[in-house]
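Written out below as structure tokens is the structure these notes cover.
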Amino acid sequence: MQHNIFTTMRSVKLSEGCKVTQVYAFNPTGGEAGGGGYGGKVGGKFLQHLQDLRANSIRTKWSRNSHPPTNHNQTTRTNVSVESLLPAGLPTVDLIEPKIEPCLKSVDFVESLADVYTKVENSSQLEKSDRFLEQCAVFKGLSDPKLFRNSLRSARQHAVDVHSKVVLASWLKFERGEDELIGLSAMDCCGRNLECPRACLMSGYDPDSVKDSCVCLRGQPEEDVLMGDEEYLTFDADEGGGGDDDCDMSFCIGDDEIRCVRYNVASLSRPFRAMLYGEFKESRREKINFTQNGISAEGMRGAMVFSQTKRLGTFDPKIVLELLSLANRFCCEELKSACDAHLASLVCDMESAVILIEYGLEEGANLLVAACLQVFLRELPFSMNNPYVMRLLCGSEGRERLASVGHASFLLYYFLSQIAMEEEMKSNNTVMLLERLGECATEDWQKQLAYHLLGVVMLERKEYKDAQNWFEEAVEAGHIYSSVGVARAKYHRGHKYSAYKMMNSLISDHSPVGWMYQERSLFCTGKEKLMDLNTATELDPTLPFPYMCRAVLLVQENKLEPAISELNKIIGFKVSPDCLELRAWISMALEDFEGALRDVRALLTLDPNHTMFYGKKHGDQLVELLRPLVQQCSQADCWMQLYDRWSSVDDIGSLAVVHQMLANGPWKSLLRFRQSLLLLRLNCQKAAMRSLRLARNYSTSDHERLVYEGWILYDTGNHEEALSKAEESISIQRSFEAFFLKAYALADSSLDPESSKYVIQLLEEALRCPSDGLRKGQALNNLGSVYVDCEKLDLAADCYMSALEIKHTRAHQGLARVHHLKNQRKAAYDEMTKLIEKARNNASAYEKRSEYCDRDMAKSDLSMATQLDPLRTYPYRHRAAVLMDDHKEVEAIKELTRVIAFKPDLQLLHLRAAFYDSMGDNGSTLRDCEAALCLDPNHKGTIELYKRIWRGNEQEK
């Protein structure tokens with residue numbers, strides 16, 4: 001079968017080669033592999049034939065390009081085996097399936113947003129942090145990580161107890177990826193109470209203090225500071241503020257006699273008071289034998305000092321541990337609190353944390369355990385390699401020990417399980433952490449999440465019976481999306497019809513959602529499968545699997561180029577490693593090795609550890625196999641390619657060039673930074689942050705490092721700290737990137753007239769500093785935008801023209817805006833047409849051009865923008881507004897509802913709320929307002945509308 005596929009691959013006439021439901025991997029030596037069986041004879045002929053085809057193809061390409069390879073390169077090309085390029089043959093439908101999302105997923109997401117918003121608003125101070133955590137779980141499934149981080153920050157802001165503060169601050173630190181930054185300690189402070197490790201150990205509710213400078217910067221009382229280099233205190237018999245004349249009794253320990261004041265010792269606790277002033281015989285003795293009470297003479301002297309001064313000073317840690325034990329034995333709460341705080345201040349690294357947490361757990365020292373736990377959490381994911389830490393955190397006994405001191409919570413295990421799933425989803429540690437998560441779950445949403453995640457992990461481990469059980473538990477708890485997991489587990493257990501019936505029932509019982517039809521398509525064939533895939537895309541065009549599945553079906557029909565076109569549809573607006581892998585796979589079958597290498601390099605940028613062909617080959621290995629099959633480029637050629645592709649808005653092509661340059665030469669920090677900018681343009685924020693952190697690690701100077709640290713802070717919502725980094729960098733050396741960062745951060749925060757003038761000065765300073773055309777083009781473009789906002793249109797036009805002269809293609813859009821503001825609509829339209837012709841990714845250009853043409857042409861441009869990028873919201877809003885103007889309210893609502901189903905955007909929800917308001921539907925108006933305010937609680941327009949409708953409802957009551 002495969003022989004037919006590949007022999008027809010390059011023929012003029014497409015024959016019957018792929019009329020099969022599954023394509024099997026070949027193996028010239030016989031045996032079994034990949035998707036099924038095959039014959040050794042066919043494999044041998046196939047291999048020889050495909051090698052001949054490839055050799056002919058390479059010769060043709062080189063003659064066409066007029067760049068003949070050297071003999072060495074030619075030998076390398078002909079020696080690369082096809083089996084090494086395609087170890088699994090061509091992709092098959094039977095071996096691909098969509099991932100079940102490891103998060104809470106609602107059938108009606110808008111309703112979920114509205115519900116969690118009302119919970120936050122109606123919660124008490126003590127409950128608010130938990131409600132924000134629930135909001136985090138809801139936001140986890142969205143593509144914008146900023147929403148999750150903002151909710152996490154709000155949860156930390158409203159945290160009351162030390163445990164919650166420690167976990168949430170550690171989680172915020174982890175989200176920023178500081179574990180990947182070289183030269184930073186896990187316990188380093190960011191300068192704000194929000195994440196300060198010392199501030200987290202202070203109990204109490206004070207939401208306004210989280211933005212204040214932390215205690216580290218303000219200085220601590222001497223008792224709370226670790227006295228690392230001082231000698232520890234030793235005691236004479238009369239030490240502690242009183243000599244023998246003040247003492248009226250003694251404690252005898254062995255041969256030592258510790259003189260003390262009876263009243264002071266009695267003040268330590270009720271048991272001591274009862275012993276020294278009650279009916280016990282010790283109350284009548286001047287000397288009391290204390291040898292059998294587990295404390296040394298030095299420890300007892302420490303207790304005497306504390307009884308008089310109420311401070312521990314710089315006691316040796318061993319003495320403090322003895323005092324902690326004494327405090328527990330004799331119920332000395334004040335002494336215990338002091339020992340707890342003192343020992344907590346000594347915890348600074350993994351070694352001290354591992355040692356001291358045992359004492360903390362044994363003695364019930366809540367703060368000490370919190371300090372040790374904080375180190376473990378701030379050291380994640382590396383602390384997961386410590387066997388002791390994992391035993392404590394993963395095991396049931398460990399959970400019980402932590403619970404005994406108030407440090408086992410759903411919050412803790414939610415954080416730990418998320419990291420474990422990222423590191424190794426199938427590991428036993430992941431399963432155990434999720435089991436602990438389930439044990440800590442008390443609320444419905446917590447049970448839904450814990451059971452669903454356990455189902456996801458068990459499915460990945462191919463433990464289908466357990467997976468089905470956990471998914472069923474999640475469904476019973478109210479998580480309807482887990483029905484997908486039940487159906488998938490049944491399917492893998494051989495109950496295909498039962499799985500199909502289950503998805504049928506789900507579709508009939510609920511409003512249709514794209515993922516329902518996507519899932520049902522797995523359990524049917526032929527036209528019915530294709531219909532479900534098409535319906536899934538119609539309802540949710542952002543789902544990658546239907547495109548991939550249709551592409552593979554086209555491959556099986558030997559329609560390789562249409563398969564590429566199908567994948568291009570989604571890659572054009574949503575890039576993922578799986579889609580890039582599949583396109584590279586098909587490109588290799590077409591012998592488009594340049595296209596294949598481009599896609600492999602791009603997907604390795606997104607996921608450096610990606611393995612291809614069902615996990616048979618690492619992406620880096622495939623790069624090495626493909627490199628000899630394409631024209632080799634020098635580093636100078638790569639810079640020219642990068643310039644051209646960047647200018648043509650070919651972001652994936654640019655990523656591929658940067659990936660190649662990183663392997664070949666220096667400038668790693670500069671290239672990693674460029675890589676992060678490209679990834680942000682592709683909305684791959686997680687990968688972008690990883691590249692930005694690598695840029696920081698590769699930086700060769702302090703001023704450069706500070707700039708990258710500033711961008712990291714800016715992209716995680718810490719704008720003031722980002723400005724500080726930019727200013728510090730400028731104080732060391734004036735550079736383009738430092739001025740640009742400062743200007744960018746200021747322009748984003750406010751653009752009043754005075755701020756605009758300052759931003760202009762900063763951008764002009766940036767342009768005076770050395771940089772390349774790519775970045776100067778961006779600075780000129782930004783400067784033009786600020787001039788437009790200041791109504792200085794001629795200066796703006798000059799900036800845009802200068803940017804275009806250095807091939808900053810996006811400046812066409814700014815220049816079009818200038819023409820439009822000068823009432824030169826035709827010139828504006830023509831300018832946007834130039835951008836459409838030049839840019840490879842041009843959905844935004846069609847969208848913008850629609851503003852400069854008549855209604856019919858605008859409709860056409862907006863339709864094209866939606867076709868190219870369904871995630872762009874302006875076309876939907878414009879079409880809905882036009883329908884409302886035409887008094888077609890139902891159609892307008894339907895237009896917005898269509899996109900809100902897969903992109904619950906703030907502007908879309910606000911607009912639909914306004915439409916519902918105009919129609920007198922107060923209930924729907926309130927729901928959409930609440931959902932919008934869940935996304936942005938400070939959106940003024942929505943707040944005003946919400947309050948007006950709410951007051952109206954209250955008056956009616």
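Key figures for this structure:
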item: Out of Phe272, Phe330, sole residue that is in contact with a Pro (Cβ under 6 Å, 6 or more places away or on another chain) and either of a type outside the set (D, E, K, R) or not assigned by the TED database to the domain that holds Asp256 (or both); result: Phe330
item: Exclusive hit being crowded, with 20+ Cβ neighbours inside 10 Å and under 23 Å from the mean Cα position of the chain (by Cα), set Leu622, Leu655, Leu629; result: Leu655
item: Breaking point among (1) open to solvent by less than 30 Å² (accessible area, probe 1.4 Å); (2) over 35 Å from the mean Cα position of the chain (by Cα), for His808; result: (2)
item: Qualifying residue in region 359-367 (condition: in contact with a Phe, Trp or Tyr (Cβ under 9 Å, 6 or more places away or on another chain), open to solvent by less than 40 Å² (accessible area, probe 1.4 Å) and either among the aliphatic types (A, V, I, L, M) or over 24 Å from Asp161 (Cα atoms) (or both)); result: yes
item: Helices (runs of 4 or more DSSP H) (entirely within region 255-330) containing at least 1 residues that are of a type outside the set (D, E, K, R) and over 26 Å from Ile355 (Cα atoms); result: 262-266, 270-277, 297-309
item: Extreme residue, farthest from Val138 (Cα to Cα), among residues of region 442-463 that are open to solvent by less than 50 Å² (accessible area, probe 1.4 Å) and not aliphatic (A, V, I, L, M); result: Gly455
item: Selection from region 871-909 of residues that are of a type in the set (Val, Ile, Thr), part of a helix (DSSP H, G or I) and farther than 19 Å from Pro512 by Cα; result: Val882
item: Pairs with Cβ under 6 Å, 6+ apart, first in region 710-738 and more than 21 Å from Arg768 (Cα to Cα), second outside any helix (DSSP H, G or I); result: Thr716/Arg176
item: Positions within region 544-558 being more than 14 Å from Val93 (Cβ to Cβ) and over 24 Å from the mean Cα position of the chain (by Cα), in sequence order; result: Asn558
item: Subset of region 676-696 (residues that are touching a Gly at 6+ places or on another chain (Cβ under 8 Å), basic (Lys, Arg) and open to solvent by less than 40 Å² (accessible area, probe 1.4 Å)); result: Arg693
item: Filtered residue count, region 836-851, keeping only those that are more than 19 Å from His878 (Cβ to Cβ) and part of a helix (DSSP H, G or I); result: 2
item: Region 188-213: number of residues that are under 24 Å from Ala695 (Cβ atoms), open to solvent by 20 Å² or more (accessible area, probe 1.4 Å) and either among the hydrophobic types (A, V, I, L, M, F, W, C) or in contact with a helix residue (DSSP H, G or I) (Cβ under 6 Å, 6 or more places away or on another chain) (or both); result: 2
item: Number of the exception - Val160 against (1) closer than 26 Å to Asp715 by Cβ; (2) part of a loop (DSSP other than H, G, I, E, B); (3) not charged (D, E, K, R); result: (1)
item: All helices (runs of 4 or more DSSP H) inside region 557-675 with 3 or more residues being of a type in the set (Val, Ile, Thr); result: 560-571, 651-664
item: Selection count where residues are under 16 Å from Asn328 (Cα atoms) and without any contact (Cβ under 8 Å) to a residue 24 or more places away in the chain, scope region 262-273; result: 2
item: Yes/no for Ser267 being touching a Phe, Trp or Tyr at 6+ places or on another chain (Cβ under 6 Å), polar (S, T, N, Q) and either open to solvent by 30 Å² or more (accessible area, probe 1.4 Å) or modelled with pLDDT under 85 (or both); result: no
item: Number of positions in region 533-547 that are over 14 Å from Leu871 (Cβ atoms), open to solvent by 30 Å² or more (accessible area, probe 1.4 Å) and out of contact with any Gly (no Cβ under 9 Å at 6 or more places or on another chain); result: 1
item: Single residue of region 487-516 satisfying the filter (more than 27 Å from the chain's Cα centre (by Cα) and hydrophobic (A, V, I, L, M, F, W, C)) that is surrounded by the fewest Cβ atoms within 10 Å (Cβ to Cβ); result: Ile507
item: Check on Thr291, out of contact with any Leu (no Cβ under 7 Å at 6 or more places or on another chain) and of a type in the set (Val, Ile, Thr); result: yes
item: Count of region 733-754 residues which are farther than 14 Å from Leu783 by Cβ, open to solvent by less than 70 Å² (accessible area, probe 1.4 Å) and assigned to a helix (DSSP H, G or I); result: 4
item: Output for region 919-945, where each listed residue is more than 18 Å from Ile900 (Cα to Cα) and crowded, with 20+ Cβ neighbours inside 10 Å; result: Leu945
item: Among the candidates Phe415, Phe330, Phe382, Phe315, residue that is closer than 30 Å to Arg149 by Cα and either open to solvent by less than 40 Å² (accessible area, probe 1.4 Å) or touching a Leu at 6+ places or on another chain (Cβ under 8 Å) (or both); result: Phe415
item: Residue match in region 97-108 (condition: within 21 Å of Leu926 (Cα to Cα) and not in a loop (DSSP other than H, G, I, E, B)); result: no
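Condition check ((1) surrounded by 22 or more Cβ atoms within 10 Å (Cβ to Cβ); (2) at pLDDT below 90) across all residues:
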site: Gln135; (1), (2): yes, no
site: Gly141; (1), (2): no, yes
site: Lys146; (1), (2): no, no
site: Ala155; (1), (2): yes, no
site: Asp161; (1), (2): no, no
site: Ser164; (1), (2): no, no
site: Val167; (1), (2): yes, no
site: Glu180; (1), (2): no, yes
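The values are calculated or read from the model by the stated rules, or taken from the named source; none is laboratory data. As the structure is a prediction and not an experimental result, all values here were calculated from the model. With ideal geometry, Cβ positions are generated from the backbone for all residues, glycine too; neighbour counts draw on all protein chains shown. All accessible areas refer to the heavy atoms of the entire protein, side chains included, with ligands and DNA or RNA removed. Shrake-Rupley method; radii C 1.70, N 1.55, O 1.52, S 1.80 Å.
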